[in-house]
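Quick notes on the structure that follows.
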Amino acid sequence: MEKGVDGLSLQERATIFISYAREDSAFALKIAEALKSKNILIRADWDLIPGPDYEPQIRSYILSSDAFLFVISPDSVISSACQRELELAAELKKRILPVSYRYLGNDALLHPALHKPQWILLAEDSDFNKGIEELSNATFTDFDLLPEHGRLLIAVDNWQQNSRDRSYLLRGNGLRHAEEWLSKVSGYPEKLPQPTPLISAYILASQNAQSRNTRITFGIFTAVILVLAGLTIFAFRQRNIAIEKSKIALARQLAAQALGHVDDLDRALLLTLEANRIADELKLTTVEFKSALMTALNLNPA
């Protein structure tokens, strides 16, 4: 199992994406360092690879993160980059963790996605350690629902980018896990994460494909069974024909032997009777076998 630098399993760790304004960079780094000590991986724009377009990289970070932390300040609420990131997180129905750092003075500037979640106060006059503890608790509440949500978002994104090709649909255990996750989150519609319309469509398409594959597999299985049954019947008939031909050959051989022993009436009669018994068993015309008997009797009159 892959381990992080602290020796902990990467599968056991939460991942948070931090969205912040440039003016709040030092504070964002401070939060990141504090959360790392809580077994949380951090993703932010400082992880961007120089050169390639940054927006696909940001999208990938948000897609693969378990939660989205937004640093609320007068600068972040008017930053177009921060607003795009927040809009994407809301569209993906990510768990959003609003952190109040610098007071706004005008809540009308807030994005609707920031209204419902409980804010965590980390202003300069707030208890920083208490706020970090609250962030950690909020991240790990119902944490078992978060990783599957992230995996489904990535899978849906690949499916969508490849024109919804069937080969990208869920199968087997992957589909079963997605169905179990959907059942769990559907019971708590007020909580995040929730399935996006695309996730719902993706799971449904996967279920339909599996049902179709099951029907095709059953059809193939049935066809194979019928073919095998037909071959068995054919083989049985061929076996019976072979046995019948063998008995006919034996009867003819016995009749010929009877004709060859006309000087020994007892033996000729026994051979002829056996030949006729086989002929009667096979419901054959017995003229040639009875002629052997008549020949033996005529050549040896009492």
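The values are calculated or read from the model by the stated rules, or taken from the named source; none is laboratory data. Note that the coordinates shown come from a computational prediction; the quantities given were computed from them, not determined experimentally. Counting neighbours? That spans all protein chains shown, and the Cβs are built from the backbone with ideal geometry, glycine included.
In the set (1) farther than 22 Å from Asp144 by Cβ; (2) modelled with pLDDT of 90 or more, the condition left unmet by Ile62 is number (1).
Scanning region 177-194 for residues that are of a type in the set (A, V, I, L, M, F, W, C) and closer than 13 Å to Lys93 by Cα yields Val185, Leu192.
Regarding region 100-121, can at least one residue be identified that is in a strand (DSSP E or B) and without any contact (Cβ under 8 Å) to a residue 24 or more places away in the chain?
Yes, because at least one residue in region 100-121 is in a strand (DSSP E or B) and without any contact (Cβ under 8 Å) to a residue 24 or more places away in the chain.
Remark: Gly150 falls outside the filter, which requires a residue to be at positive phi and not charged (D, E, K, R). Could you check region 33-85 and list, in sequence order, the residues that are over 32 Å from the mean Cα position of the chain (by Cα), in a helix (DSSP H, G or I) and hydroxyl-bearing (Ser, Thr, Tyr)? If the condition is that a residue be over 32 Å from the mean Cα position of the chain (by Cα), in a helix (DSSP H, G or I) and hydroxyl-bearing (Ser, Thr, Tyr), then Tyr54, Ser76, Ser80 are the ones that fit.
Under the condition of being hydroxyl-bearing (Ser, Thr, Tyr) and surrounded by 13 or more Cβ atoms within 10 Å (Cβ to Cβ), which residue from region 174-207 is nearest to the chain's Cα centre (by Cα)? Step by step, filter region 174-207, then rank; the result is Ser206.
Per-residue answers, yes or no, for (1) touching a strand residue (DSSP E or B) at 6+ places or on another chain (Cβ under 6 Å); (2) within 26 Å of Asp144 (Cα to Cα); (3) surrounded by 14 or more Cβ atoms within 10 Å (Cβ to Cβ):
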{"residue": "Pro74", "(1), (2), (3)": "no, no, yes"}
{"residue": "Leu88", "(1), (2), (3)": "no, yes, yes"}
{"residue": "Lys93", "(1), (2), (3)": "no, yes, yes"}
{"residue": "Pro98", "(1), (2), (3)": "yes, yes, yes"}
{"residue": "Leu114", "(1), (2), (3)": "yes, yes, yes"}
{"residue": "Leu121", "(1), (2), (3)": "yes, yes, yes"}
{"residue": "Asp127", "(1), (2), (3)": "no, no, no"}
{"residue": "Ile132", "(1), (2), (3)": "no, yes, yes"}
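Taking the conditions exactly as written (at pLDDT 75 or above, of a type in the set (D, E, K, R) and closer than 30 Å to Leu114 by Cβ), does Lys245 satisfy them or not? Criteria not met by Lys245.
Looking at the structure I just gave you, is Ile42 β-branched (Val, Ile, Thr) and closer than 23 Å to Asp157 by Cβ? Before the answer, list the steps.
Numbers: β-branched (Val, Ile, Thr): yes; closer than 23 Å to Asp157 by Cβ: yes.
The answer is yes for Ile42.
Inspect region 209-225 for any residue being at pLDDT 75 or above, outside the structural domain of Ala113 (by TED's automatic domain parsing) and surrounded by 15 or more Cβ atoms within 10 Å (Cβ to Cβ) and give the result as yes or no. Looking through region 209-225, at least one residue is at pLDDT 75 or above, outside the structural domain of Ala113 (by TED's automatic domain parsing) and surrounded by 15 or more Cβ atoms within 10 Å (Cβ to Cβ).
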